[in-house]
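Quick notes on the structure that follows.
The values are calculated or read from the model by the stated rules, or taken from the named source; none is laboratory data. Treat the numbers as computed from the prediction; the structure is a model and nothing was measured. Cβ atoms come from the backbone with ideal geometry, glycine included; neighbour counts cover every protein chain shown. Side chains are part of the model used for accessible areas, which takes the heavy atoms of the whole protein and leaves out ligands, DNA and RNA. Shrake-Rupley method; radii C 1.70, N 1.55, O 1.52, S 1.80 Å.
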Amino acid sequence: MKRFQSRIESLRRVRQQAEQLARLTAAVRQGEKAAATQKADQLSLHIEDLLQQGTTELARGNTAVIQALSATTRRAQNKLAAAQVEVQQADERLVQAVQEVAAAKSEVQIAHKHRAKEFAEHRRQTLVDEENVRQENNGRRFASNATKRTAARETSKTEVAR
C-alpha cells in the first residue's frame, strides 16, 4: 500500500501553530486582566482604608490630617479610575484573544476534515488498486491453469491414441 501524504499537511501544521499561539496570547491577556483587576481591587481597599482613617481623624477633630487624607483619597480615586479603564481594556483584549482562539480552532478543524477526506480518498483508491491487482493475478492464475489443463488433455489424447 502506498504511503499516505496529505497535500495540506504543512498548512494543517501552520494552522495548529496559529491556534497554539492564539491560546498562549489568550493566556497572557487573561494574566493581564487578572493583574489589572488585582491593582484596582488594591486601590479600592486603599481608598476604604483612607476613608476609615479620615472618619477616625474627623472624630478627633484633626483638620490638618483630614485635609491630607482628603487629597490622598482624591489621588487614589483618580488612580482607581485609571485602573478601572485598564481593567476594561484588558477585558476587551481578552475577549478579542478568545475570539481569535475560536477562529484558529475552527481553521484547524477545517484542515483536519479536509485531511480526513484526502485520507478516505487515498484509502478508497488503494483498495481499488489492490482489488485490480488481485483480479489480474487471479486471471493470470486461471489462464496458467487453463493452459496446463489443455496441455494435460492433449498429452492424454496422444497417449490414448497410441
In region 2-58, the residues that are in a helix (DSSP H, G or I), aliphatic (A, V, I, L, M) and within 21 Å of the chain's Cα centre (by Cα): Leu11, Val14, Ala18, Leu21, Ala22, Leu24, Ala26, Ala27, Val28
Matching residues in region 1-23 - criterion: being more than 19 Å from Glu121 (Cβ to Cβ) and open to solvent by less than 70 Å² (accessible area, probe 1.4 Å): Arg15, Gln16, Ala18, Glu19, Ala22
Hits in region 24-56 - residues which are open to solvent by 40 Å² or more (accessible area, probe 1.4 Å) and among the β-branched types (Val, Ile, Thr): Thr25, Val28, Thr37, Thr55, Thr56
Subset tally (residues that are under 21 Å from the mean Cα position of the chain (by Cα), basic (Lys, Arg) and within 20 Å of Arg3 (Cβ to Cβ)) for region 89-134: 2
Selected residue (criterion: farthest from Gln38 (Cα to Cα)) from residues of region 48-97 that are in contact (Cβ under 8 Å) with a residue 40 or more places away in the chain and small (Gly, Ala, Ser): Ala97
Some residue of region 152-161 being open to solvent by less than 60 Å² (accessible area, probe 1.4 Å), at pLDDT below 95 and in a helix (DSSP H, G or I): yes
